[in-house]
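Okay, structure first, notes after.
The values are calculated or read from the model by the stated rules, or taken from the named source; none is laboratory data. Since we're looking at a predicted model, the values are computed, not measured. Glycine gets a Cβ as well: all are built from the backbone with ideal geometry, and neighbour counts include every protein chain shown.
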Amino acid sequence: MKALILAAGFGTRLLPYTHHTPKPLFPVSGKPLLNHIIENLIQSGCTGIIINTHHLHEKIEAFIASQKYKIPVITRYEPSILGTGGAIKNTADFFDASPFMVINSDILTDINLGDVYEFHLGHNQSATLVLHDYQIHNHVSVTIDGSIIGFHESAGSSQNRTLKKLAFTGIQVLDADLIPLIRQQNYFSSIDLYQHMISKNQMPKALIIKDHFWTDIGTPESYLDTVYRFSAPQAFEKAFSISSTGMIPRKKLKGDGSDRQWYRLSAENKTLILVSHGIREQLNTCEVDSFIQIGQHLREKKLPVPAIYGYNAFSGLVFLEDLGDTHLVDVVKQLIHPKNRMMVYQEVIRLLIHMSQKGKTGFLPSMTYQTREYSKELIIEKECRYFKEAFLKAYMKMDCPEKPLENDFSDLADSALKNGINGFMHRDFQSRNIMVKDHSYYLIDFQGGRIGPLQYDLASLLIDPYVALPFEEQMELIDFCAKAMEHIVSIPIETFRKSVFYCALTRNLQILGAFGFLSLVKGKKWFEQHIPCALQSLWYYLQKTEKNELPALKAVAETINNERGSK
């Protein structure tokens, strides 16, 4: 048995992801779908495989060249797509006089292809199509005796000879003597060939399959479901030595400010967390890559982050240890007495210091997907201008003094970086990204990590609007952190304070920009309730700077205060 794998298509339903990767190379369970199909064919007794290519053909060709299969596997490039029939005609020289199999490159199935071939040899028809009941694609008309009599026909058009309408699985076996019937033209569909056969009363034979697994990855949804179906059981096996089959139940959880989706998975009274970053839109380092690599790095450094039990970086699916539902903000909100709050925050600050120092050891710039370090350019573009564009202009509808603000942004960035105690910087070190489980603290959402000043993460923790920590407690905790750092670095406490003040401002601008964008553009209106707290914090830390510093930014903040106070 020889086989043709159809792999020339553009994968238009999977755009934009097929701009950079051809559909047959989308990975499932650790290897490209094309490889699954080839292995299935080899295990079924196939003696030679040819693959037609067109879209991103060089990538498919490179993959095949990198493999060492037990049988010949070659490619045949089509300068223009020829259709199923045209592809068969174009590869006719590869086949001998024996029947051959044709299979789509976007399906994954446990159908025994050897049995399919044997079925074809057991009847006298020139073509066998493997069909099954798949409601949304049931377009093939089949008679009681298993003859295919039409495609995409309306019900009742075959004088009640139709047993049912079924769906084509993308698997077929053809006799070699059908090839001459394919007209030599630019594009030819195999359905045209079958319609011709039917008109000559030479109906193709249907092999109807039941109790099997079959899926195609032709859409983003079906691809993600396929990856999940195979990856979730593997994650449970790794985490708990639980052997599960089929689709593991999942419950969607409340999301955050990002576009990612979160789920809790359950199997045999055990749970895992799934985070879906979405199918990657570029081959360069993406958010999911940083999430995986930084998570593994921090775990190796014995820092308290969730274990990663499985992932498919192409699909964006990552399977994590379930740390429960309690965040730092939930704990702090229940603590009325300042002393108790201070004890909690002091413990978290000790963790922050530990993370900064341990996390920088062995940390590679290649792990980052945004910038390699917290830099002046990042501060100006992603924090200051983000505040100006997303909050001042878009959300507040304010006219901004462009040049004066740009001057302030430059000065603020310089001040925020001056005297920074560099280490691993989380970049979003706030109460919703710190989980509490069994009285211990765990860090999540570390994918934005890079090298940067500890003072920034400290400021993020203290000015966090979800908690609204009193300013006097913030000042006390700044001093606590400075003293706790004395055995690591020698820096005057007043210098450390000022550094935190400036970092609090850059962080505050980022927060307001994000709140404006999320509430206005993303429709996540619940972020609006935290804007007043963030504005109060901005005003407070602006007053901590020298009188002649940041005049434009102070004027803007004063205007906002006056406007909101008059409402």
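In region 229-240, which residues are under 17 Å from the mean Cα position of the chain (by Cα), surrounded by fewer than 22 Cβ atoms within 10 Å (Cβ to Cβ) and not charged (D, E, K, R)? Residue satisfying the conditions is Phe230 alone.
Residues in region 38-86 that are among the aliphatic types (A, V, I, L, M) and either on the phi > 0 side of the Ramachandran plot or at pLDDT below 95 (or both): Leu56, Ile81, Leu82.
The numbered conditions (1) buried (at least 19 other Cβ atoms within 10 Å of the Cβ); (2) in a helix (DSSP H, G or I); (3) out of contact with any Pro (no Cβ under 7 Å at 6 or more places or on another chain) are all true for Ala62 except (1).
Just name the residue that is modelled with the lowest pLDDT out of those in region 228-275 that are closer than 30 Å to Gly516 by Cβ and of a type in the set (Asp, Glu). Checked region 228-275; the qualifying residue modelled with the lowest pLDDT is Asp256. If you go through region 424-458, how many residues are more than 15 Å from Asp256 (Cβ to Cβ) and of a type in the set (S, T, N, Q)? So the count comes out to 2. Would you check if there is a residue in region 2-15 being out of contact with any Asp or Glu (no Cβ under 9 Å at 6 or more places or on another chain), more than 19 Å from Asp177 (Cα to Cα), assigned to a loop (DSSP other than H, G, I, E, B) and not aromatic (Phe, Trp, Tyr)? Within region 2-15 (the criterion being out of contact with any Asp or Glu (no Cβ under 9 Å at 6 or more places or on another chain), more than 19 Å from Asp177 (Cα to Cα), assigned to a loop (DSSP other than H, G, I, E, B) and not aromatic (Phe, Trp, Tyr)), the answer is yes, since at least one residue qualifies. Out of all the residues in region 326-348, which are at pLDDT 95 or above and either in a loop (DSSP other than H, G, I, E, B) or among the aromatic types (Phe, Trp, Tyr) (or both)? Selection gives Thr326, Tyr345. One residue stands out among those in region 177-219 that are closer than 16 Å to Phe151 by Cα and basic (Lys, Arg): the one that is surrounded by the fewest Cβ atoms within 10 Å (Cβ to Cβ), which is Lys200. Take Pro16 and decide whether it is touching a residue at least 60 places away in the same chain (Cβ under 8 Å) and within 25 Å of the chain's Cα centre (by Cα). Judged against the criteria, Pro16 is a match.
Among residues that are part of a helix (DSSP H, G or I) and either touching a helix residue (DSSP H, G or I) at 6+ places or on another chain (Cβ under 9 Å) or among the basic types (Lys, Arg) (or both), Thr128 is not included. Pairing each residue of region 459-483 that is farther than 20 Å from Gln529 by Cβ with any residue that is small (Gly, Ala, Ser), provided the two are 6+ apart or on different chains, yields C-beta distances under 6 Å for Ala459/Ala504. Residues that are out of contact with any helix residue (DSSP H, G or I) (no Cβ under 9 Å at 6 or more places or on another chain) and surrounded by fewer than 19 Cβ atoms within 10 Å (Cβ to Cβ) were ranked within region 323-332; the one that is nearest to Ser266 (Cα to Cα) is Gly324. Among the residues of region 361-380, those identified as touching a residue at least 12 places away in the same chain (Cβ under 8 Å), closer than 20 Å to Lys418 by Cβ and either β-branched (Val, Ile, Thr) or crowded, with 18+ Cβ neighbours inside 10 Å (or both) are Thr371, Tyr374, Ile379, Ile380.
Restricting attention to region 411-426, the residues that are buried (at least 22 other Cβ atoms within 10 Å of the Cβ) and part of a loop (DSSP other than H, G, I, E, B) total 1.
Of all residue pairs spaced 6 or more apart or on separate chains, those with beta-carbon atoms under 6 Å, a first member in region 546-567 that is part of a helix (DSSP H, G or I) and a second member that is modelled with pLDDT of 95 or more are Ala552/Pro404; Ala552/Leu405; Ala552/Asp408; Leu553/Asp408; Lys554/Leu542; Ala557/Leu538; Ala557/Trp539; Ala557/Leu542.
The set of residues in region 58-68 being out of contact with any strand residue (DSSP E or B) (no Cβ under 8 Å at 6 or more places or on another chain) and either free of Cβ contacts under 8 Å to residues at least 12 places away in the same chain or under 22 Å from Ser44 (Cα atoms) (or both) consists of Glu58, Ala62, Ala65, Ser66, Lys68. Output yes when any residue across region 452-469 is among the hydroxyl-bearing types (Ser, Thr, Tyr), crowded, with 22+ Cβ neighbours inside 10 Å and closer than 27 Å to Ile294 by Cβ, and no when none is. Yes, region 452-469 contains at least one residue that is among the hydroxyl-bearing types (Ser, Thr, Tyr), crowded, with 22+ Cβ neighbours inside 10 Å and closer than 27 Å to Ile294 by Cβ. Of all the numbered requirements in (1) surrounded by fewer than 23 Cβ atoms within 10 Å (Cβ to Cβ); (2) modelled with pLDDT of 95 or more; (3) of a type outside the set (Val, Ile, Thr); (4) out of contact with any Ser or Thr (no Cβ under 9 Å at 6 or more places or on another chain), Leu512 misses one, and that requirement is (1). Out of curiosity, is Glu383 of a type in the set (Asp, Glu) and in contact (Cβ under 8 Å) with a residue 12 or more places away in the chain? For Glu383, the condition - of a type in the set (Asp, Glu) and in contact (Cβ under 8 Å) with a residue 12 or more places away in the chain - is met. Apart from one condition, Gly448 fits all of (1) in contact with a Cys (Cβ under 9 Å, 6 or more places away or on another chain); (2) surrounded by fewer than 23 Cβ atoms within 10 Å (Cβ to Cβ); (3) within 22 Å of Gly420 (Cβ to Cβ); (4) of a type in the set (Gly, Ala, Ser); the exception is (1).
At least 3 residues being closer than 30 Å to Thr91 by Cα and not small (Gly, Ala, Ser) is the threshold, and among the strands (runs of 3 or more DSSP E) wholly inside region 159-264 those reaching it are 162-174, 205-208, 214-216.
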